[in-house]
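Take a look at the structure set out below.
The values are calculated or read from the model by the stated rules, or taken from the named source; none is laboratory data. Every value quoted in this text rests on a predicted model; they were computed, and no experiment measured them. Using ideal geometry, Cβ is built from the backbone for each residue, glycine included, and neighbour counts are taken over all protein chains shown. Please note that ligands, DNA and RNA were not included when accessible areas were found on the heavy atoms of the full protein model with its side chains. Shrake-Rupley method; radii C 1.70, N 1.55, O 1.52, S 1.80 Å.
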Amino acid sequence: MKGYLQSIETMGLLDGPGTRTVFFLQGCPLRCAYCHNPDAIAMSGGKSVSPEQVLEIASRYRSYYGEEGGITFSGGEPLLQGAFLHKSLELLKQEGYNTCIDTCGIGNPSFFPKILPLVDTLLVDVKAFDHESFENLTTIPGFERYLTFLESLENYGFRGQIWARHVMVPGYTDNEEAMKAFVEILRPIRHRVDRIEILPYHTSGVKKYRQLGIPYRLEGVEPMDKERAKELEIYADKLFADSLRQERKKERENNVDKFKILKDREVISKIEKAEMFSSLRELPLLREVADEDVDGVLSEVILSNIKAGDYIFRTGDAPDLMYLIYQGQMKIFYNTIDGEEQIFYIYRDGDFVGGLNLLVQAPYRYVGQALTDCKVVAIPKSTFDKYFYDSSVILRSVLTKSFERIRWAEELIQRLATSNASMKTAGLLLKLVKRIGVETEEGIRLELSMNREELGNYSGLRRETITRKLGEFKELGYIELVGNKVIIVKDLEALEGYVL
Ligand code: SF4
């Protein structure tokens, strides 16, 4: 495998943290008016290099990188050479290098989930702040695509820091209104933005255009005044800090609302709460609560009626409550970047979720939605800390549950990656047998709370496929379908044969 390089800078100080070796990759689909590497724009040309050679070059300068420095891929547009970039980053990461890419988010998106988890710092070039200016500057209509790239970074698995950069050209974006628009664009990635940089436009690339005989579109525009650019950078920084503060305030208000919603639906009858507690008392989570603390716990937890279809928590919710299902069923899912719903777990009576979030203070990553009418116990963090935190049994129970989820997620990944539709359907039925199967004379009865679409989302299949596969299993005599909500498994062994 080969990549195409325009040049290498061995001791770069500007393209990411610390001292870095910068690989400038060949090729860029944009035609930025101020591009000072017009010779790097063409996809062809450049010097070919393998990922192994990148690693070898990086190792020559390793002693200069210190704690922060490392390797940067710039360009051109490095994401255009997806396979090469992925392999190079993989090798570099295996050897513990700090990695950075300088990008406009243009490339084959199928590589993004492979590349972005391997990146420590992303230098995000924000070319323009609206569709029209983007097109004028770059000559292509890519603004929407660019915004989608920013919005999808988390879903692609990017967990590093972002330096957001903007080249300021006098007469174009050297004003406060433009800085407001800049900060607004950063909204979906704000939690990862570590630095905002305004790069003053300069004219040192003009002579390259003359040498190459390419017309220069900013002919006659003076270089950007550095002091004014710095002033506007400070202004944008302050705006950004303000917007973060506002967001946090809003999040706090939303959390208050979340408590209010639960409180509005609270079961206030003391008898029902006491009944609930005694019936859940045998769970490891509650068994350890000392008898003298029961009244205290009961007065603090919120037992709420949640209607089928209502949300219990959403992605990004603060870790201030965990949830225990007293009655009913809840699905835990997330929306994939293709807009599909991927269901991870179906939880029912006695299951709980959110314990690990409280322990490590991490926001919820998934969505919890009631599949049936539910009664859910919300345990506030303060109650958890006061009554539960010191119990090794409770902590073990939270960790065991988390471990089960990891196992289930691993199985899911394997199933989605390696199984065909029959295997996925059989695997799903076996999972349901384990979770909700009831032995009857006719076979193992599964009372479903999910429709066909949700069954598909749980198993990684489309609704039509799962419906067809269930029909086939019925024809083969493995199962019986009773309406849409009941499946009777007649031949467990035959289903097991698909997944063993
Ligand atoms: S994105 Fe960078 S390399 Fe591509 S045209 Fe613009 S300035 Fe040049």
Away from the ligand (no atom under 16 Å from the Cβ), open to solvent by 10 Å² or more (accessible area, probe 1.4 Å) and at pLDDT below 90 - does that describe any residue in region 82-98? no
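The rows are residues; the columns are (1) among the polar types (S, T, N, Q); (2) within 14 Å of the ligand (Cβ to nearest atom).
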| residue | (1), (2) |
| --- | --- |
| Thr10 | yes, no |
| Leu13 | no, no |
| Pro17 | no, no |
| Gln26 | yes, yes |
| Ala33 | no, yes |
| His36 | no, yes |
| Asp39 | no, yes |
| Ala42 | no, yes |
I'm trying to understand the selection: among the residues of region 196-220, which are more than 14 Å from Cys35 (Cβ to Cβ) and open to solvent by less than 60 Å² (accessible area, probe 1.4 Å)? Ile196, Glu197, Ile198, Pro200
Given the criterion within 15 Å of the ligand (Cβ to nearest atom) and in contact with a Cys (Cβ under 7 Å, 6 or more places away or on another chain), identify the matching residue among Glu77, Glu135. Glu77
Could you run through region 158-174 and say how many residues are within 16 Å of the ligand (Cβ to nearest atom) and either within 19 Å of Tyr146 (Cα to Cα) or touching a strand residue (DSSP E or B) at 6+ places or on another chain (Cβ under 6 Å) (or both)? 7
Taking the condition at pLDDT 80 or above and not assigned by TED's automatic domain parsing to the domain that holds Arg187, does Ser269 pass? no
Take the residues in region 44-79 that are within 16 Å of Ser7 (Cβ to Cβ) and among the aliphatic types (A, V, I, L, M), then tell me which one is most open to solvent (accessible area, probe 1.4 Å). Ile57
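For every residue, the table says whether it meets (1) open to solvent by 80 Å² or more (accessible area, probe 1.4 Å); (2) assigned to a helix (DSSP H, G or I); (3) of a type in the set (Lys, Arg).
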site: Lys434; (1), (2), (3): yes, yes, yes
site: Glu442; (1), (2), (3): yes, no, no
site: Leu446; (1), (2), (3): no, no, no
site: Ser449; (1), (2), (3): no, no, no
site: Glu453; (1), (2), (3): yes, yes, no
site: Gly456; (1), (2), (3): no, yes, no
site: Ile466; (1), (2), (3): no, yes, no
site: Phe473; (1), (2), (3): no, yes, no
What are the pairs with Cβ atoms under 6 angstrom where one residue, in region 385-398, is farther than 11 Å from Leu359 by Cα and the other, located anywhere, is modelled with pLDDT of 80 or more and surrounded by 15 or more Cβ atoms within 10 Å (Cβ to Cβ)? Sequence gap at least six, or different chains. Tyr387/Val297; Ile394/Phe388
